[in-house]
Amino acid sequence: MTTRLAERFAPFGTTIFTEMTLLAQAHGAVNLAQGFPDFDGPEFAKAAAAAAIAAGHNQYARMFGIPALNQAISGWWREQTGVELDPDAHICVTSGCTEAIAAAMLGLINPGDEVILFEPYYDSYRASVAMAGGVPLIVTLRPPTTDHGPFWFDPDELARAFSPRTRVILVNTPHNPTGKVFSADELRQIAELCNRHDVIAVTDEVYERLTYDPSRPHVRLATLPGMADRTLTLSSLGKTFSLTGWKIGWAIGAAGLVRAVRAAHQFMTFATATPFQHGAAAALASVDEREGYIRDLMSQFTWARSFLGEALARLGFRVYMPDGAYFIMVDWTACPRARSDGHADDVAFCRSLTSVAGVAAIPPSVFYQNREHGKTLARFAFCKRRETLQSAVQRLDRWAGTS
Ligand code: GLN
């Protein structure tokens with residue numbers, strides 16, 4: 001049958017996460033492509049969700065979140081920013097951050113409005129802007145020029161992207177796929193431009209608690225001067241609590257911005273799964289248990305980041321160590337074995353690594369407007385059990401002839 005796909009989706013195809021996970025399964029490869037933990041989230045959160053089902057919390061939730069979850073999110077925000085929110089006016093619970101991103105774009109963008117995105121970008125950003133009829137304007141994050149530097153952008157390129165047509169800038173920090181944590185200085189530049197051009201900032205902060213360098217802490221754009229009323233902060237439960245399948249996300253911001261998210265959310269999903277909202281409320285509200293869980297998780301990820309980063313470097317890849325999130329970007333063309341195979345681009349390299357080495361990675365060119373920019377890169381996820389990573393490294397060693 002001929003395709004009946006609407007034109008707005010024609011450029012996007014199937015997401016790379018689905019494609020690489022299917023390829024990994026077909027080849028029995030270790031999946032370091034799609035970023036999801038291969039271990040479970042905390043017992044106390046799971047028990048609360050199960051108890052909510054048993055207690056009969058199985059009908060529609062309040063459209064913008066069950067009261068207990070909105071309160072728990074406002075407590076989480078108060079702890080981290082010192083700011084007191086009205087849980088009924090300043091928060092909308094969504095079905096994962098991906099829904100929050102789509103709802104924010106649909107709720108805020110008029111057809112033809114420009115939206116500034118940094119590339120590489122998480123793939124749903126471009127699609128969400130397209131769904132809203134917006135026009136993406138791209139600012140490129142460039143690979144580090146020194147051994148330990150972060151990905152960076154040219155401040156002039158950013159300033160040039162702003163115009164009277166700009167409605168929104170979308171900022172993801174800590175950043176997927178590069179692991180960049182935007183510095184206070186970089187965020188101040190963004191804030192200054194938003195204030196000058198009356199632009200709304202939408203931030204995706206799902207990796208807010210996953211940072212590795214105390215000298216590069218996570219800074220919230222919403223806390224910078226002039227930004228409280230023009231920033232929508234989006235986040236979720238999935239990454240912090242290893243519960244990506246629960247699809248619990250939220251948007252936080254001034255009442256006028258949150259109203260825009262709710263306007264779209266009520267017609268997309270109406271409300272988010274009730275029992276999981278109860279589980280999420282328990283996860284966020286049990287401060288001691290949750291902080292203990294996050295501490296353990298971070299010690300595991302700190303080990304995993306070094307273990308995989310060092311192994312990839314030993315194999316000859318140029319490794320860009322991340323300051324946040326749970327991905328490592330490499331330049332695969334630096335690896336002698338990869339280079340000797342003569343792959344045309346990152347897609348060919350990642351497909352071959354999956355089928356020949358038995359380790360799947362994500363080809364990042366799909367996260368660039370100009371695919372050429374991502375052609376030499378590959379992204380490996382390290383949010384996996386120790387045994388999984390050890391098995392991946394063994395396979396890579398065998399493939400590269402280093403063991
Ligand atoms: N956020 C995860 C990643 O970047 C997974 C996204 C997805 O599967 N849609 O790998």
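Any read-out appearing in this document is the output of simple, stated calculations on the displayed coordinates, not a laboratory observation. If you're wondering where the values come from, they're calculated on a predicted model, not measured in any experiment. Ideal geometry is used to build each Cβ from the backbone, glycine not excepted, and the neighbour counts take in all protein chains shown.
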Checklist entry - Which of F267, F380, F44 moves most in a GNM of the chain, Cα contacts under 10 Å? => result F267
Next on the checklist: Taking θ = phi - 60°, what integer Hz values does the Karplus form 6.51 cos²θ - 1.76 cosθ + 1.60 yield along the stretch 191-197, in sequence order, with x for Gly and Pro?
Outcome noted: 4, 4, 5, 4, 5, 5, 9
Item to check | Full-stretch length increase - D88, A263 - with 0.36 nm per residue and alpha-carbon distance subtracted | outcome: 61.5 nm
Checklist entry - Mind checking which aspartates and glutamates have their C-alpha under 19 Å from K375, skipping anything on the same chain fewer than 8 residues away? => result E19, E119, D123, D331, D341, D345, D346
Checklist entry - Per-residue HN-Hα couplings for the stretch 6-20, Karplus 6.51 cos²θ - 1.76 cosθ + 1.60 at θ = phi - 60°, whole Hz, x for Gly and Pro? => result 5, 4, 5, 9, 3, x, 9, x, 7, 5, 4, 5, 5, 4, 6
Checklist entry - In what sequence, highest mean first, do 335-342, 176-183 appear when ranked by Cβ atoms within 10 angstrom? => result 176-183, 335-342
Item to check | Residue exposure sequence - E310, E7 - by fewest surrounding Cβ within 10 Å | outcome: E7, E310
Checklist entry - Taking every DSSP beta bridge that has both residues in the chain, what percent is antiparallel when rounded to the nearest 5? => result 50 percent
Checklist outcome for this item: Yeah, the stretch 159-316 with a ≥ b ≥ c from its alpha-carbon gyration tensor (a/c under 1.5 is rounded, else prolate when a/b outruns b/c, oblate otherwise) is oblate
Checklist entry - By a straight-distance test (C-alpha under 17 Å), which lysines pair with K46 as possible cross-link partners, with residues fewer than eight away in the same chain excluded? => result K239, K247
Next on the checklist: From the helices alone, meaning DSSP H stretches of at least four residues, give me the mean residue ellipticity at 222 nm for the chain, per-run term -39500 (n - 2.57), in deg cm²/dmol to the nearest 500.
Outcome noted: -12500 deg cm²/dmol
Checklist entry - By the scheme Lys and Arg +1, Asp and Glu -1, what is the net charge of all other residues having a beta-carbon under 12 Å from that of F276? => result +2
Checklist entry - If you count, for each residue, the other Cβ atoms within 10 Å and average over each peptide, how do 381-390, 204-213 line up from highest to lowest? => result 204-213, 381-390
Checklist entry - Given a cut-off of under 8 Å on Cα pairs at least six residues apart, what relative contact order in percent is computed for the chain? => result 24 percent
Next on the checklist: Once you place label points 7 Å from the Cα toward the Cβ at H197 and T402, how far apart are they in nm?
Outcome noted: 4.2 nm
